[in-house]
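Colleague: Starting off with a structure, shown below.
The values are calculated or read from the model by the stated rules, or taken from the named source; none is laboratory data. Not measured: the values here are computed from a predicted model. Counting neighbours? That spans all protein chains shown, and the Cβs are built from the backbone with ideal geometry, glycine included.
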Amino acid sequence: MRKFLVILDDSRECLNAMRFAAMRAAHTGGGVEVLAVIPPDEFNHWIGVGEMMREEARERIEVHYEVFAKWMRDRQGVEPQLVIREGTPVDEIMAQIRENPEIGVLVLGAGTDKKGPGPLVTQLTRNAGGLPIPITIVPGDLSKEKLEAIT
């Protein structure tokens with residue numbers, strides 16, 4: 001089964017990327033894999049404190065994920081899978097793509113502010129020619145109705 005890989009983070013544009021991935025998966029018989037990356041610099045503390053912070057980060061991710069997962073199950077009939085990795089976001093995204101041959105499309109949400117589309121979109125599109133799969137970039141300010149029309 002072809003899967004859409006979508007990145008779970010705290011950005012506003014994440015919502016549209018999640019919606020797009022779920023709607024495309026529902027319409028094409030695919031799946032959704034949700035990847036959350038915990039940056040390593042969050043745990044540069046004493047071992048005990050760092051481990052506690054790592055566990056808290058995982059719990060926050062799981063709660064955040066469950067909101068999207070419930071919507072995907074209830075509205076789109078898609079059962080997403082959560083993957084949590086630790087490391088540099090771009091490196092971990094690339095590693096996940098290499099390790100899971102079912103991933104067919106990377107879905108990213110583009111920011112709408114004047115600073116640009118966001119660090120992930122900027123870094124990954126810079127090297128898009130060398131990626132083993134296509135990237136779909138979903139505008140962060142696209143309406144829900146427009147998303148439904150194009151998926």
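Colleague: Would you please name the residue that is modelled with the highest pLDDT, looking only at residues in the range 51-69 that are over 16 Å from the mean Cα position of the chain (by Cα) and loosely packed, with under 13 Cβ neighbours inside 10 Å?
Modeller: E59
Colleague: Then there is this: Applying the selection to the range 124-151, what residues are part of a helix (DSSP H, G or I) and surrounded by 14 or more Cβ atoms within 10 Å (Cβ to Cβ)? It would help to see each step written out before you state the result.
Modeller: So in the range 124-151, the residues part of a helix (DSSP H, G or I) come out as 124-126, 128-130, 144-150.
Scanning the range 124-151 gives L124, T125, L147.
Colleague: If I go through the range 95-132 residue by residue, how many of them are under 19 Å from A25 (Cα atoms), under 15 Å from the mean Cα position of the chain (by Cα) and not small (G, A, S)?
Modeller: First, pick out the residues of the range 95-132 that are under 19 Å from A25 (Cα atoms): 96-97, 100-109.
Now drop any that are not under 15 Å from the mean Cα position of the chain (by Cα), which leaves 96-97, 100, 103-109.
Now restrict to residues that are not small (G, A, S): 96-97, 100, 103, 105-108.
Number of matching residues: 8.
Colleague: Say we look at the range 73-103 and pick out the residues that are touching a strand residue (DSSP E or B) at 6+ places or on another chain (Cβ under 8 Å) and part of a helix (DSSP H, G or I); which of these is nearest to M1 (Cα to Cα)?
Modeller: Among them, the one singled out is I97.
Colleague: Does any residue of the range 57-69 turn out to be in a loop (DSSP other than H, G, I, E, B) and either in contact (Cβ under 8 Å) with a residue 40 or more places away in the chain or more than 19 Å from C14 (Cβ to Cβ) (or both)?
Modeller: The initial filter retains those residues of the range 57-69 that are in a loop (DSSP other than H, G, I, E, B), namely none.
Looking for residues that are in a loop (DSSP other than H, G, I, E, B) and either in contact (Cβ under 8 Å) with a residue 40 or more places away in the chain or more than 19 Å from C14 (Cβ to Cβ) (or both), one finds none in the range 57-69, hence no.
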